[in-house]
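Worksheet: one structure, shown below.
The values are calculated or read from the model by the stated rules, or taken from the named source; none is laboratory data. It should be emphasised that the depicted structure is a prediction, and the values quoted were computed from it without experimental measurement. Note that each Cβ is placed from the backbone with ideal geometry, even for glycine, and that neighbours are counted across all protein chains shown.
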Amino acid sequence: MTKILTSDFYNRNPLLVAPDLLGKILVRNFDGKIISGRIVETEAYLAFNDEASHSFVGKTERNKSLFGKPGTAYVHSIHMQNCIDVVTEGVNIPSSVLIRALEPLEAIEIMKSLRGKENLKDLTTGPGKLCKALAITKGFNGYDLTKLGDLYIIDDNYSVSEKDIIKVKRIGISKATENEYRFYLKDSQFISKK
DNA sequence: TGATTGATGAGCT
DNA sequence: GCTCATCAATCAG
């Protein structure tokens, strides 16, 4: 049985949600066509005492989605690309889980055309890449991922054993790098970095 | 295969 | 102006 992850799933500490999201499927309804990929890499960003989190500086126009309800998308641009986070915990608790990499499942041809790349391993192996491959734009900032819409995350009962989840330090950031808040599937060929 | 570097834009101070 | 949770092209070995 396949079901959409609800707000209950996200309404927990990001350090619990991040590993649980591994193996789940991110689904994009793009002009009636379904594009999907299995989540193979995530990072947790805490609400408090986490200098690398966008919420560390307080609530601003840019990060206000982080303060919304669990299961809300926080799409932001860094350099010329977009990244997507899922808000966790409660309202006004600005923690999130960054989706860093996917394993392409459906509509791979559409991803190739959106990315302008042919190599399967170049499609979704990075937060900026996967947003482009799934046509996730800043229009999805604040989007509710817990209902059947244009963007949501489902559980198809794909089982991930605990030993296949690797926990390491986060990457690509300059602050609070010592915390081991990055999670990925051990044998996936689609993580953004070894 | 690994390391280096340039391009790119939005939002904060 | 400066930061930033990047990507991909390039070059050396």
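Points to keep in mind about this one:
- Extreme residue, surrounded by the most Cβ atoms within 10 Å (Cβ to Cβ), among residues of the range A:73-101 that are within 18 Å of A:LEU5 (Cβ to Cβ) and not hydrophobic (A, V, I, L, M, F, W, C): A:SER96
- A:LYS112 of a type in the set (Lys, Arg) and surrounded by 15 or more Cβ atoms within 10 Å (Cβ to Cβ): yes
The rows are residues; the columns are (1) of a type outside the set (Gly, Ala, Ser); (2) part of a helix (DSSP H, G or I); (3) under 22 Å from A:GLY23 (Cβ atoms).
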position: A:LYS59; (1), (2), (3): yes, no, no
position: A:SER77; (1), (2), (3): no, no, no
position: A:GLY90; (1), (2), (3): no, no, no
position: A:SER96; (1), (2), (3): no, no, yes
position: A:GLY139; (1), (2), (3): no, yes, no
position: A:ILE153; (1), (2), (3): yes, no, yes
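- Every residue from the range A:176-194 that is surrounded by 12 or more Cβ atoms within 10 Å (Cβ to Cβ), assigned to a loop (DSSP other than H, G, I, E, B) and at negative phi: A:THR177, A:ASN179, A:GLU180, A:TYR181, A:LYS186, A:SER188, A:PHE190, A:ILE191, A:SER192, A:LYS193
- Filtered by the rule that a residue be within 7 Å of DNA strand C (Cβ to nearest atom) and acidic (Asp, Glu), the range A:72-98 gives a lone residue, A:ASP85.
- Scanning the range A:128-159 for residues that are in contact with a strand residue (DSSP E or B) (Cβ under 7 Å, 6 or more places away or on another chain) and of a type in the set (A, V, I, L, M, F, W, C) turns up A:LEU130, A:CYS131, A:LEU134, A:ALA135, A:ILE136, A:PHE140, A:LEU145, A:LEU148, A:LEU151, A:ILE153, A:ILE154.
- Count of residues meeting criterion [on the phi < 0 side of the Ramachandran plot, in a loop (DSSP other than H, G, I, E, B) and in contact (Cβ under 8 Å) with a residue 60 or more places away in the chain] in the range A:61-75: 3
- Selection status of A:THR146, surrounded by fewer than 22 Cβ atoms within 10 Å (Cβ to Cβ), of a type in the set (Val, Ile, Thr), at pLDDT 95 or above and outside any strand (DSSP E or B): yes
- Look at (1) part of a helix (DSSP H, G or I); (2) away from DNA strand B (no atom under 14 Å from the Cβ); (3) surrounded by fewer than 18 Cβ atoms within 10 Å (Cβ to Cβ) and you find that A:LEU130 fails only one, number (3).
- Look at the range A:140-163: where a residue is on the phi > 0 side of the Ramachandran plot and a partner is of a type in the set (S, T, N, Q), sitting 6+ places away or on another chain with Cβ atoms under 7 Å, you get A:GLY142/A:SER65; A:GLY142/A:THR72.
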